[in-house]
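Trainee: One structure coming up, written as structure tokens, with questions to follow.
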Amino acid sequence: MTQTALILGSTGRFGRQAGKAFSDAGWRIRRFDRGRDTLTTAAQGADVIVNAWNPQYYDWAAQLPALHAQVIEAARLADATVIVPGNVYVFGADTRPPWSGASPHRATNPLGMLRRDMEEAYRASSVRTILLRAGDFLDTEPSGNWFDKVMAAKVARGRFVYPGNPDIPHAWAFLPDLCRAAVQLADMRQELPRYTDVPFPGYAATGREMASALSRILSRDIELRKMAWWQLQVARPFWKLAPHLIEMRYLWDTPHWLDRGFFDELLPGFESTPMETALRRAVAPLIGAEVHPDQPVAAGV
């Protein structure tokens, strides 16, 4: 019997990749249209609701609690499982890595507290929930994330800009891998606890390691530069996003990675994409050409 996944936020980075992953696995895909659909009606008959809605940081306080409350209610009425892409904001800078489902949630900053409250709402509900937690994303097309918008934006000119300490590990996830994992967890949802917090191990890479990998991929020297945070400070009074980016700066100077033990227990045969392959796919659209291992990019690109 064909299973149905309702994708909320299907044009966003996680929703786009999740729709592809579920479709590739033979699921029937239903993409929610805010202008046409009502959530409770759209959720009827869905086996899984992929909650990829993610407002802008500056709208989190006003929108996040109500959005997730609506999803919880729609899932309850439809008896559907919710898959929530989690992040690492809940832990704060004082939680010792590796971060896992057993790690305390110590974030005290506004965005971290909002995520703590959101996760607790799912945990306290009767709705079957899979929270698939990951670090920053590597995507296969530019989607306005840290990697393509800031770090690798000038890689074609030989520069890789890093927002923090380049010698400490930072958690990353390749989106196609993350969404394939979401499908596999959805397939085994009835075997899981009603609320399941699954850290996705992805990659724990330093900025220097990423710059070196890009040098190998592009067959040219990639210069590692530090991001100029003062520019965001200057923009703070008139750019609504700036204060929230500054708020989360600590993650770039806090060594962290996600514990892989529970993930490997649930999906022992999961085949992850090697980090250099993920970087190759992530950087290809930024230089206007596909990068093959045996076809290095000329220095003038």
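The values are calculated or read from the model by the stated rules, or taken from the named source; none is laboratory data. All figures in this text were calculated on a predicted structure; none of them were measured in a lab. We place every Cβ from the backbone using ideal geometry, glycine too, and count neighbours over all the protein chains shown.
Trainee: Read through the list (1) modelled with pLDDT under 95; (2) closer than 27 Å to Gly144 by Cα, then give the number of the only condition that Asp94 fails.
Mentor: (2) is the only condition that Asp94 fails.
Trainee: Here's another thing I want to ask about it. Look through Gly9, Gly26 and report the one residue that is buried (at least 18 other Cβ atoms within 10 Å of the Cβ) and modelled with pLDDT of 95 or more.
Mentor: Gly9
Trainee: Additional query: Which one is farthest from the chain's Cα centre (by Cα), of the residues in region 29-58 that are free of Cβ contacts under 8 Å to residues at least 24 places away in the same chain and closer than 21 Å to Arg76 by Cβ?
Mentor: Per the criteria, the residue is Thr41.
Trainee: Can I ask one more? In this structure, is Ala18 buried (at least 22 other Cβ atoms within 10 Å of the Cβ) and within 18 Å of the chain's Cα centre (by Cα)?
Mentor: Values: buried (at least 22 other Cβ atoms within 10 Å of the Cβ): yes; within 18 Å of the chain's Cα centre (by Cα): yes.
Here the answer is yes, as Ala18 does meet what is asked.
Trainee: Follow-up question, since we're still on this one. Go through region 227-279 and report how many residues are touching a strand residue (DSSP E or B) at 6+ places or on another chain (Cβ under 9 Å), within 16 Å of Phe147 (Cα to Cα) and touching a residue at least 24 places away in the same chain (Cβ under 8 Å).
Mentor: Count: 6.
Trainee: Read through the list (1) closer than 22 Å to Val71 by Cβ; (2) surrounded by fewer than 22 Cβ atoms within 10 Å (Cβ to Cβ); (3) touching a residue at least 60 places away in the same chain (Cβ under 8 Å), then give the number of the only condition that Met113 fails.
Mentor: Here Met113 meets the rest and fails (3).
Trainee: Do we have any residue at all in region 272-281 that's modelled with pLDDT under 95, under 30 Å from Ala186 (Cβ atoms) and not acidic (Asp, Glu)?
Mentor: Looking for residues that are modelled with pLDDT under 95, under 30 Å from Ala186 (Cβ atoms) and not acidic (Asp, Glu), one finds none in region 272-281, hence no.
Trainee: Oh, and also: Across region 135-168, which residue is surrounded by the fewest Cβ atoms within 10 Å (Cβ to Cβ) among those that are among the aliphatic types (A, V, I, L, M) and closer than 21 Å to Asn54 by Cβ?
Mentor: Residue satisfying both the conditions and the ranking: Val150.
Trainee: I'd like the full set of residues that are in a loop (DSSP other than H, G, I, E, B), under 30 Å from Gln44 (Cα atoms) and touching a helix residue (DSSP H, G or I) at 6+ places or on another chain (Cβ under 8 Å), limited to region 77-99.
Mentor: Keep residues of region 77-99 that are in a loop (DSSP other than H, G, I, E, B), which gives 79-80, 87-88, 92-98.
Those left that are additionally under 30 Å from Gln44 (Cα atoms): 79-80, 87.
Correct list: Ala80, Asn87.
Trainee: Another one. Among the strands (runs of 3 or more DSSP E) lying completely within region 100-190, list those that include at least 3 residues that are among the hydrophobic types (A, V, I, L, M, F, W, C). Don't jump to the end; show me each part of the working.
Mentor: Working: elements: 129-133, 136-138, 159-162, 170-174.
Passing ranges, in order: 129-133, 170-174.
Trainee: Output the helices (runs of 4 or more DSSP H) that fall wholly within region 205-265 and possess 1 or more residues being acidic (Asp, Glu) and surrounded by 14 or more Cβ atoms within 10 Å (Cβ to Cβ), or say none.
Mentor: In region 205-265, 207-218, 242-247 are the helices (runs of 4 or more DSSP H) which contain 1 or more residues that are acidic (Asp, Glu) and surrounded by 14 or more Cβ atoms within 10 Å (Cβ to Cβ).
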